[in-house]
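The values are calculated or read from the model by the stated rules, or taken from the named source; none is laboratory data. The shown structure was predicted, so the numbers you read here are calculated from the model rather than taken from an experiment. Because the Cβ atoms are built from the backbone with ideal geometry, glycine has one as well, and the counts that use them run over all protein chains shown.
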């Protein structure tokens, strides 16, 4: 049976290159290799507040039919995500939230820790990860001519050690465990 | 890179003054002046080549020194505003900055001519703020066999007057040298400015050409209609890193489908574009128009010999609405790389929806005045009430419903 997932990022342009392959890999782990994973592009959300507003106001009518929604914002501004999940559950939407510590780019960087000048603990607590750590990393190891400036290839490399990613980013491990509890995704006997 | 351009009396463009950026989009209804603006750039390119005005406007056959030059739409008879060759002077003024060399350098160029006569009326060239030569309307004499400019050789006293042929721009004549009438450095500067004007590439890929075998095996630049597309793919694929980057865009266009890109070979080794999907090779003739056009436009950004200015007409043609985000991202990222200035026309509200607010200053709305036939071109930031309205209403809706027409 087909399984459809909607990813709601804060920034569809760049985060999509990280989130889509990540979620595809995660649902494959949960034995849904044929799952259809879509990154939300319309309405075009820009930032945490806009994304949260869209989830409550705009998306239920348009995407209620999808099996699972994943809201994956940066952790710095994320608040009361459990409350949001409950609010959507009341509307018949299966929403799970996973805030990236400190920002989504950390999930890509998890597979390239040996190339960073900072130890991983500092990366995970960095106040300006996107600008101060990720941007110079991408400039050095990405390819400005490629789609997403090379994010896809770098994320592919990260996902080659998927277990290592979950170990480095416990919020992803927690998300996977929570998804495993869903009836549609639970491990079959 | 052209930083500023002014146009007077060329086709419907009676009075256009624009500040351009690295990525420039021209929007508007049919016959609103978008293509005329691109034609104006082609006239500047012809000026850079040193052609006569008649050759620039009416076309030129292939010669030992140049390829075929296609006429400007309408030719000299329709070049001036209102047709009939234009009784008024056609004028172009350009402020440019070269970024190709290690050290950027600025230049200014102005030219005025009468299309029906094919004669110069006014021209100047500046290096930064320093004038190299200039003329005024007062210098012009209809019966004089030559066109006279004042040449500023950097010495005290009255600048000497120098005569040039009047049926072609002074710029190219000065670039060719002048038997000590002007300095070698000025001839070289004129040549560099002429090269800046020449170094434009227009692409409007046609699936007919994209599906065909290329005559060349490798190539530095694709043709306007997509000629030698497969040869360019061969060139890109010869560089593993370039191929990987190019392929990444095609994979985003068709996720979970495209595995590889390359060429198939004909009887005498001529290449044909091919995509590999699920282990099977799909040659260009079985690929969709949209896939081929996206592949060709993307390939144009991987040419070994990149132009200073790349113009693309109706950039969204054939590309599915859900993939236009990708197109905008590609245009933006390639423009930001700084080597090539992009000037494209579009009819797509979705392309506009993916623009950032800071890009509105170089997104130009074109509108034709029905009463006079004149085209008006304004950046979105100068459309009355646009910036307030777009805070509350999607730009795609404003464009699609014709709000911009009502506002200008």
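Tally up the residues in the range B:279-319 that are touching a residue at least 40 places away in the same chain (Cβ under 8 Å), in a loop (DSSP other than H, G, I, E, B) and within 13 Å of residue B:232 (Cβ to Cβ), please.
Of the residues in the range B:279-319, 4 are touching a residue at least 40 places away in the same chain (Cβ under 8 Å), in a loop (DSSP other than H, G, I, E, B) and within 13 Å of residue B:232 (Cβ to Cβ).
Among the numbered conditions (1) closer than 25 Å to residue A:6 by Cβ; (2) within 14 Å of chain B (Cβ to nearest Cβ), tell me where residue A:169 comes up short.
(2)
Take the conditions surrounded by fewer than 14 Cβ atoms within 10 Å (Cβ to Cβ) and either in contact with a helix residue (DSSP H, G or I) (Cβ under 8 Å, 6 or more places away or on another chain) or under 26 Å from residue A:138 (Cα atoms) (or both) and apply them to residue A:96. Does it pass?
For residue A:96, the condition - surrounded by fewer than 14 Cβ atoms within 10 Å (Cβ to Cβ) and either in contact with a helix residue (DSSP H, G or I) (Cβ under 8 Å, 6 or more places away or on another chain) or under 26 Å from residue A:138 (Cα atoms) (or both) - is not met.
Any idea how many residues of the range B:254-274 are surrounded by fewer than 17 Cβ atoms within 10 Å (Cβ to Cβ), more than 14 Å from every other protein chain (Cβ to nearest Cβ) and part of a strand (DSSP E or B)?
3
Output yes when any residue across the range B:331-342 is touching a helix residue (DSSP H, G or I) at 6+ places or on another chain (Cβ under 8 Å), free of Cβ contacts under 8 Å to residues at least 12 places away in the same chain and within 30 Å of residue B:221 (Cβ to Cβ), and no when none is.
Scanning the range B:331-342, I find at least one residue that is touching a helix residue (DSSP H, G or I) at 6+ places or on another chain (Cβ under 8 Å), free of Cβ contacts under 8 Å to residues at least 12 places away in the same chain and within 30 Å of residue B:221 (Cβ to Cβ), so the answer is yes.
Given the residues A:154, A:175, A:159, A:138, which is the only one that is more than 30 Å from residue B:236 (Cα to Cα) and either more than 14 Å from every other protein chain (Cβ to nearest Cβ) or surrounded by 13 or more Cβ atoms within 10 Å (Cβ to Cβ) (or both)?
A:175
Filter the helices (runs of 4 or more DSSP H) completely within the range A:1-85 down to those with at least 3 residues that are surrounded by 20 or more Cβ atoms within 10 Å (Cβ to Cβ).
A:12-29, A:48-57
Here are some conditions: (1) surrounded by 21 or more Cβ atoms within 10 Å (Cβ to Cβ); (2) touching a strand residue (DSSP E or B) at 6+ places or on another chain (Cβ under 6 Å). Residue B:399 meets all but one. Which one does it not meet?
Unmet condition: (2).
Mind counting the residues in the range B:319-362 that are surrounded by fewer than 22 Cβ atoms within 10 Å (Cβ to Cβ), within 18 Å of residue B:30 (Cβ to Cβ) and away from chain A (no Cβ under 14 Å)?
Total meeting the criteria: 1.
I'd like to know if the range B:284-298 contains one or more residues that are more than 14 Å from every other protein chain (Cβ to nearest Cβ) and touching a strand residue (DSSP E or B) at 6+ places or on another chain (Cβ under 6 Å).
Within the range B:284-298 (the criterion being more than 14 Å from every other protein chain (Cβ to nearest Cβ) and touching a strand residue (DSSP E or B) at 6+ places or on another chain (Cβ under 6 Å)), the answer is yes, since at least one residue qualifies.
Checking the condition surrounded by 15 or more Cβ atoms within 10 Å (Cβ to Cβ), over 27 Å from residue B:341 (Cα atoms) and in the same structural domain as residue B:182 (by TED's automatic domain parsing), which residue from B:109, B:151 passes?
B:151
State the number of residues belonging to the range B:224-253 that are touching a strand residue (DSSP E or B) at 6+ places or on another chain (Cβ under 8 Å), more than 11 Å from chain A (Cβ to nearest Cβ) and in contact (Cβ under 8 Å) with a residue 24 or more places away in the chain.
7
Do you know which residues across the range B:303-318 are surrounded by fewer than 21 Cβ atoms within 10 Å (Cβ to Cβ) and touching a helix residue (DSSP H, G or I) at 6+ places or on another chain (Cβ under 8 Å)?
Residues satisfying the conditions are B:303, B:304, B:308, B:313, B:317, B:318.
Using beta carbons and a limit of 9 Å, which pairs, at least six apart or on different chains, have the first residue in the range A:29-53 and more than 14 Å from chain B (Cβ to nearest Cβ) and without any contact (Cβ under 8 Å) to a residue 60 or more places away in the chain and the second one part of a helix (DSSP H, G or I) and surrounded by 15 or more Cβ atoms within 10 Å (Cβ to Cβ)?
These pairs meet every condition: A:52/A:84.
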